[in-house]
Amino acid sequence: MCTAIYPGSFDPPTLGHLDIIRRCSAIHDKVVVCVMRNGAKGGSLFSCAERAELLSTITADLPNVQVDTYGGLLADYARRYPDPVIVRGLRAVTDFEYEFQMANVNRKLAPEIETIFMIARDKYTFLSSSVVRELGRYRGDLGEFVPPAVEQALRIKLGARKFEDE
Ligand code: PNS
């Protein structure tokens, strides 16, 4: 049974992430969305546990999707599963260099594990967690970018007043 491992920071999960998860769940037996606790990025807005909870909420209708967190190397994590493949989303050529490097490092660490890429839908090519965090801080409307549960969590995290008209 093939297991798709979809790793990331997901700080927070966006509609772009959710689209990749849905498309992935349609073509794989099992999908494990893994919040990596040691991403190279700096201070995060949501804790790992909060991000995992949000991912569980927004994927609740997908029975072959499970959510996990991990603090080690992705290659070691993926090896825990039978027939794993690592899945990453690609939005634009600007993603390519980083993804190319990461896929090759992971292949060095675990030559038996393939990384496959899913091309983001064009309506999500501009979308990233950092754009969402930025919009949230400046009271932007997030409805088109994140699922309602994530919008609510952002509102709570960043302070309800930030989302109100003055
Ligand atoms: O959503 P992101 O931030 O682009 O995801 C990057 C992530 C977390 C998947 C990547 O940083 C990662 O795999 N971190 C775990 C550590 C690891 O295995 N590093 C070796 C690959 S370069």
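Worth a mention:
- Note on the stretch 60-74: residues that are more than 16 Å from the ligand (Cβ to nearest atom) and in contact with a helix residue (DSSP H, G or I) (Cβ under 8 Å, 6 or more places away or on another chain) total 3.
- For the stretch 10-35, the set of residues classified as within 16 Å of ALA120 (Cβ to Cβ) and touching a residue at least 60 places away in the same chain (Cβ under 8 Å) consists of PHE10, PRO13, THR14, LEU15, GLY16, HIS17, LEU18, ASP19, ILE20, ARG23, CYS24, listed by residue number.
- Residue that is surrounded by the most Cβ atoms within 10 Å (Cβ to Cβ), among those in the stretch 47-56 that are away from the ligand (no atom under 13 Å from the Cβ) and either touching a residue at least 40 places away in the same chain (Cβ under 8 Å) or under 18 Å from ARG155 (Cα atoms) (or both): LEU54
- Criterion: of a type in the set (D, E, K, R), over 17 Å from the mean Cα position of the chain (by Cα) and either at positive phi or surrounded by 14 or more Cβ atoms within 10 Å (Cβ to Cβ) (or both) - qualifying residue of ARG133, ARG107, ARG137, ARG121: ARG107
- Tally, over the stretch 93-103, of residues that are near the ligand (Cβ under 9 Å from one of its atoms) and polar (S, T, N, Q): 1
- Exactly one residue out of ALA110, ALA103, ALA52 is touching a Lys or Arg at 6+ places or on another chain (Cβ under 7 Å) and at pLDDT 95 or above, and it is ALA110.
- Scanning the stretch 9-46 for residues that are more than 10 Å from the ligand (Cβ to nearest atom), assigned to a loop (DSSP other than H, G, I, E, B) and farther than 14 Å from SER129 by Cβ gives HIS28, ASP29.
- The helices (runs of 4 or more DSSP H) falling completely within the stretch 65-166 that include 1 or more residues that are more than 21 Å from HIS28 (Cα to Cα) and β-branched (Val, Ile, Thr) map to 93-109, 129-137, 148-158.
- Of LEU55, LEU62, all but one fail to be closer than 17 Å to SER25 by Cβ and part of a helix (DSSP H, G or I); the exception is LEU55.
- Hits in the stretch 75-92 - residues which are within 10 Å of the ligand (Cβ to nearest atom) and closer than 15 Å to LEU109 by Cβ: ALA75, ASP76, TYR77, ALA78, ILE86
- Among the residues examined, VAL87 does not qualify as of a type in the set (Val, Ile, Thr) and surrounded by fewer than 16 Cβ atoms within 10 Å (Cβ to Cβ).
- Within the set THR14, THR94, THR3, THR59, the sole residue that is among the polar types (S, T, N, Q) and open to solvent by 30 Å² or more (accessible area, probe 1.4 Å) turns out to be THR94.
- Any hit, the stretch 62-70, residues being out of contact with any Ser or Thr (no Cβ under 8 Å at 6 or more places or on another chain) and of a type in the set (Asp, Glu): yes
The values are calculated or read from the model by the stated rules, or taken from the named source; none is laboratory data. Please read all numbers here as calculations on a predicted model, not as lab measurements. A quick note on method: Cβ atoms are made from the backbone with ideal geometry, for glycine too, and the neighbour counts reach across all protein chains shown. With ligands, DNA and RNA removed, areas are computed over all heavy atoms of the protein, side chains included. Shrake-Rupley method; radii C 1.70, N 1.55, O 1.52, S 1.80 Å.
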